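The values are calculated or read from the model by the stated rules, or taken from the named source; none is laboratory data. Keep in mind that this is a model prediction, so the values were computed, not measured. Because the Cβ atoms are built from the backbone with ideal geometry, glycine has one as well, and the counts that use them run over all protein chains shown.
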Amino acid sequence: MRKLMGRLGRARSAGLLLLIVFAVFGQTVGRRLIVINTSPSVPRGLYIRTRDGPAVGRLVDFRIPPSARPYVRQRTGHDGDDWYVLKPVVAGPGDYVDTSGEWLVINGRRVAPVMTHDGVGAPLPVWRDNRRLGPGEFFVFSGRIPNSFDSRYYGPIQREQIESVRRPLVTW
């Protein structure tokens, strides 16, 4: 029994290593079929590209929006123009989004506070608006961590900004 368990453990480790190799390979050839997420705003793991279109409840990846780049540059020294963000869509075309007060409100429901400072005390940009999302607009938000850097701070993202819809392949 111990031999069998040892073999299963090695097989699982080899399988995970193979998935990581595919993820790295996918990143280097430009198609980004599989990506590795290390951010806590969605579970850490490997995510595969799907053929689905963006919609509420789906995970999308996109480049850091231009309105968020000054904050990213201030925090990291890099403008993030070649970085991707992976976030769940919580509102789409026709949904009503309000960040004009202290709370993110979607379709009349209080969702989460709109923070003014990040975890190290730096001021956060805040997208202050209250309106219905137009065609091709998506609001991304992660409730996994209270200081997720999401649409509360840079506004809705446009359909054209979305690189792909993703689903988890393996998370840890």
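Observations on the structure shown:
- Of 101, 108, 94, 57, all but one fail to be touching a Pro at 6+ places or on another chain (Cβ under 8 Å), modelled with pLDDT of 95 or more and of a type outside the set (Phe, Trp, Tyr); the exception is 57.
- Selection of the range 34-66 for residues being under 15 Å from residue 139 (Cβ atoms) and crowded, with 16+ Cβ neighbours inside 10 Å yields 41, 54, 58, 59, 60, 62, 65.
- Condition met for residue 121 (crowded, with 17+ Cβ neighbours inside 10 Å and within 20 Å of residue 74 (Cβ to Cβ)): no
- Residue in the range 132-149 that is surrounded by 12 or more Cβ atoms within 10 Å (Cβ to Cβ), free of Cβ contacts under 8 Å to residues at least 60 places away in the same chain, among the aromatic types (Phe, Trp, Tyr) and outside any loop (DSSP other than H, G, I, E, B) present: yes
- Every condition in (1) on the phi < 0 side of the Ramachandran plot; (2) modelled with pLDDT of 95 or more; (3) not basic (Lys, Arg) holds for residue 23 except the one numbered (2).
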